[in-house]
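Colleague: Starting off with a structure, shown below.
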Amino acid sequence: MAATGATPASKTGESPYRWLILILSVLSFVLTFLCRFSWPPLIPVIVPVIHMNMSQAGAYMSAFYIGYVITQIPAGILADRFGVRAVLGVNLIIVGIGQYLMGNISSFQGGFWLRVIIGLGAGAMMACCVRAVMEWFAPRDRGMAFGILLAGPTLGLLAANYSVPALNAAFEWRTTYHIIGIAVVIVGILVYALIKASETKQAQSLFGGVSAFFTNRDLVLLGFGGFCLIWMEIGFAAFANTFIRKQLNFSLKEAGLVLVAYSIGGVLASPVSGWVSDLIGHRKQIVMVAYAFALVFTIAFGYQTSLQMLLVIGFIYGFVSYFANPHLSLMIAEIAGKDRSATATGISNVMFQVAAILSPFALGVSIDMTHAFKTIWYILALGPLVGIIVVGIVRPPTAAQSRA
């Protein structure tokens, strides 16, 4: 269902409007990831106030992903059938309201359910943004476009680790949540007002994309490959800050700097990775090499004790961790085809985010049982290790699929 005045599908690949679509998509990602990762920097601040333990702190991250997983597939189906604008705008507003109300919590239970609601709204981001980029960018530019788009999550993590401690120091944690929530609502309104669709045809069947996904071996394998990557990425993001503060006795500011270095590495990785894939192709091989490096640097990070080496290894770790992200998402969208790309993205992201539910809780339990952090790096490294095997079985998109 195209918006009035939309650019014809044959010309969207050259339309300047595509850059506004990309900017709004990236901004949506940045802010929802800022909401997602506003919790880890505040764990040491809020846990004593709400009288929580570390398993419950990890459960707050898991709570977000419970909601996030629930809306992935419905959002993808609706975006393929009816377009991106309303689905993306309304869900951003839901995220913003939930984030604002987090500033009013007084118990574990209240915050848990708000984190679920925030996750429900954020669950629409990936499918909608992938669909928008598939519509508006020609195949020759999609690697770069996906690279820029998927820098958004890491920019959100960077923003969380840089701005949340600063806002907390200036205003305290309740006002920090209020400020971020208001910003997200404003962007949701802008998205609803400004995003339009190309005249790419919308899916005619609500559930055709679902059956097409599960009958395609390569899409299922890529979904599990993404699970392996997210197991490592989200587990690290959930507890790296606390590891640096509690195990290594650095300050909140110093821990934030390490996560900023990690995030900068990730931000740079996505567009560089996209540019490399547009230049040389071989996306599957790029993913496997990135997984191998991520495995090594996961374990290496856990052995660092000085701030200087945490910053250096953290930057490299962020770069190699996020190098694979654009290629997984783009291979899934191209194999599924443009008119089913949102549904395929939604389903695969459910598979990805099951890891986001399990990983923080599993790491929290490990820490509570051992009262130490040394085992969590090996638990995290299992993700890329298994991912190399799974992605190795995948058949890359054909030339016809890439041109779709």
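Laboratory data are not the source of any read-out in this text; all were calculated from the coordinates shown. Note that this is a predicted model, so its numbers are computed, not measured. Glycine gets a Cβ as well: all are built from the backbone with ideal geometry, and neighbour counts include every protein chain shown.
Colleague: If the chain between Ala193 and Ile393 were fully stretched, how many nm would it gain, using 0.36 nm times the residue separation less the Cα-Cα distance?
Modeller: 67.7 nm
Colleague: A further question follows. With only Lys, Arg, Asp and Glu charged, each at its Cβ (+1 for the first two, -1 for the last two), find how big the charge dipole of segment 11-161 is about the Cα centre; round to the nearest 20 debye.
Modeller: That gives a dipole near 180 debye.
Colleague: Based on DSSP H runs of at least 4 residues, each adding -39500 (n - 2.57), what is the mean residue ellipticity at 222 nm of the chain after dividing by all its residues, to the nearest 500 deg cm²/dmol?
Modeller: So the helix-based figure for the chain works out to -27000 deg cm²/dmol.
Colleague: Looking at the calculated P(r) for segment 1-145, what percent of the C-alpha pair distances fall above 27 Å?
Modeller: Within segment 1-145, distances greater than 27 Å cover 31 percent of Cα pairs.
Colleague: Oh, and also: For Thr215 and Thr175 in one chain, what is 0.36 nm times their gap in residues minus the Cα-Cα distance, to one decimal in nm?
Modeller: Computed gain between Thr215 and Thr175 is 9.6 nm.
Colleague: On to the next question. Relative contact order of segment 16-403: what whole-number percent is it, with Cα pairs under 8 angstrom and at least 6 residues apart?
Modeller: 28 percent
Colleague: May I ask you to work out the translational diffusion coefficient for the chain at 25 °C, viscosity 0.890 mPa s, via Stokes-Einstein with Rh from the Kirkwood sum over Cα pairs, reported in whole µm²/s?
Modeller: 118 µm²/s
Colleague: Using the Karplus equation 6.51 cos²θ - 1.76 cosθ + 1.60 (θ = phi - 60°), what ³J(HN,Hα) coupling, rounded to whole Hz, does each residue of segment 169-179 give in order, writing x for Gly and Pro?
Modeller: Using θ = phi - 60°, the values come out as 5, 7, 10, 6, 5, 5, 5, 4, 4, 5, 4 Hz.
Colleague: Turning to a different aspect of this structure: How far is helix 217-242 tilted, in degrees, relative to the longest principal axis of the Cα atoms in the chain, given as a value from 0 to 90 rounded to the nearest 10?
Modeller: Helix 217-242 sits at roughly 30 degrees to that axis.
Colleague: In addition: Tell me, Glu334, Glu254, Glu172 in order of fewest to most beta-carbon neighbours within 10 Å?
Modeller: Glu172, Glu254, Glu334
Colleague: Same structure, new question: If you fit an axis through the alpha-carbon atoms of helix 307-322 and take the longest principal axis of the Cα set of the chain, what angle between them do you get, 0 to 90°, nearest 10?
Modeller: That works out to roughly 20 degrees.
Colleague: For the pair Leu382 and Trp19, how long in nm is the line joining their label points, each one 7 Å along Cα→Cβ?
Modeller: 4.7 nm
Colleague: Now, a different point. Quick one: how many lysine pairs does segment 16-403 have with C-alpha atoms less than 22 Å apart and a gap of 8 or more or different chains? Give me the count, please.
Modeller: 4
Colleague: Using Cα atoms only, what is the angle between the long axis of helix 54-82 and the major principal axis of the chain, expressed in degrees (0 to 90) to the nearest 10?
Modeller: 10 degrees
Colleague: Please order Met232, Met351, Met144 by the number of other Cβ within 10 Å, starting at the fewest.
Modeller: Result, fewest neighbours first: Met351, Met144, Met232.
Colleague: Give the residue from Ser277, Tyr177, Val258 lying farthest towards the positive end of the charge dipole for segment 16-403; charges sit on Cβ (+1 for Lys and Arg, -1 for Asp and Glu) and the dipole is referred to the Cα centre.
Modeller: Selected residue: Ser277.
Colleague: Moving on to the next point. Roughly speaking, what % of Cα-Cα pairs in segment 318-404 are separated by over 14 Å, rounded to a whole number?
Modeller: Here the long-distance tail beyond 14 Å is 74 percent of all Cα pairs in segment 318-404.
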